[in-house]
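One structure is given here, and the rest of the page talks about it.
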Amino acid sequence: MSVFSFRATVLAVIIAFGMSAGAALADGVDAAKGFIQKLGDEAVGTIAATQNDEDARLRQFRGLLKENFDVPGIGRFVLGRYWRMATPEQRDEYLKLFEESIIRTYARRFSDYSGETVSVDKARRDGEDFILVDSLIQRPSGGPVAVTWRLLDQGGTFKIVDVVVEGVSMSVTQRSDFSSVIQSGGGNIEALLKVMRERLGKA
């Protein structure tokens, strides 16, 4: 094989690989949009099916949360630098309380919704590992609510790591709230655990 032919072959392989990688990235973004649309439809369906049954709604949202959200990852991010300071026992209890807290929070918020629909707008990559998906929650009364979902892309499967509502990150907001509680308690994570237990009726 001549040098020219060899170089041409190598160039062809590089181009083909680049095209395949680009197609895979595009497919990942499209799949992420489908993931959020499906989740939105399931959430709306859960609200309609459990309108008068709070226990059933909590069970359904628990399943949706565990399947679609990176709850441990979000929990560690929200705790911030205090995660490293916590004992293994405190970490375990915190993650359990955190999971229960966000399940109840989302279930309570959604229980007030009626007739909302979720429409996915556009999506884009955020670095190599994350995808941002923009959506609108259309309400029967009032204007639409803009919600952006930050997804961890695990090679074709996705986990939600943050929800940004009208430009406000839920994870960042909660991180600030938790930090304030801990600082008010002298920098001890036990102060946060106490507040979380009380809020959940587990004190």
Any idea how many residues of region 128-177 are out of contact with any strand residue (DSSP E or B) (no Cβ under 9 Å at 6 or more places or on another chain) and hydrophobic (A, V, I, L, M, F, W, C)? 1
Given the criteria surrounded by fewer than 16 Cβ atoms within 10 Å (Cβ to Cβ), within 25 Å of V133 (Cβ to Cβ) and at pLDDT 80 or above, does D92 qualify? no
Which condition from (1) out of contact with any Ser or Thr (no Cβ under 8 Å at 6 or more places or on another chain); (2) part of a helix (DSSP H, G or I); (3) touching a residue at least 12 places away in the same chain (Cβ under 8 Å) is the one that R84 breaks? (3)
Here the residues within region 147-182 that are touching a helix residue (DSSP H, G or I) at 6+ places or on another chain (Cβ under 8 Å) and not in a strand (DSSP E or B) are G156, S171, Q174, R175, F178, S179, V181, I182
Working only within region 173-189, note down all residues that are exposed (fewer than 15 other Cβ atoms within 10 Å of the Cβ) and of a type outside the set (S, T, N, Q). D177, G186, G187
Starting from residues that are of a type outside the set (K, R) and outside any helix (DSSP H, G or I), keep the ones in region 183-203 and report whichever is farthest from F98 (Cα to Cα). G186
Within region 138-162, how many residues turn out to be crowded, with 18+ Cβ neighbours inside 10 Å, aliphatic (A, V, I, L, M) and without any contact (Cβ under 8 Å) to a residue 60 or more places away in the chain? 1
Going by the conditions given, is D134 in contact (Cβ under 8 Å) with a residue 24 or more places away in the chain and either under 16 Å from the mean Cα position of the chain (by Cα) or surrounded by fewer than 19 Cβ atoms within 10 Å (Cβ to Cβ) (or both)? no
Determine which single condition S141 fails, assuming it passes every other condition in (1) among the hydroxyl-bearing types (S, T, Y); (2) modelled with pLDDT of 85 or more; (3) out of contact with any helix residue (DSSP H, G or I) (no Cβ under 8 Å at 6 or more places or on another chain). (2)
Looking at region 62-81 only, could you name the residues that are of a type in the set (D, E) and part of a helix (DSSP H, G or I)? E67
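The values are calculated or read from the model by the stated rules, or taken from the named source; none is laboratory data. In this text, all values refer to a predicted model and were calculated from it rather than measured experimentally. Here Cβ is always computed from backbone atoms with ideal geometry, including for glycine, and neighbour counts include all displayed protein chains.
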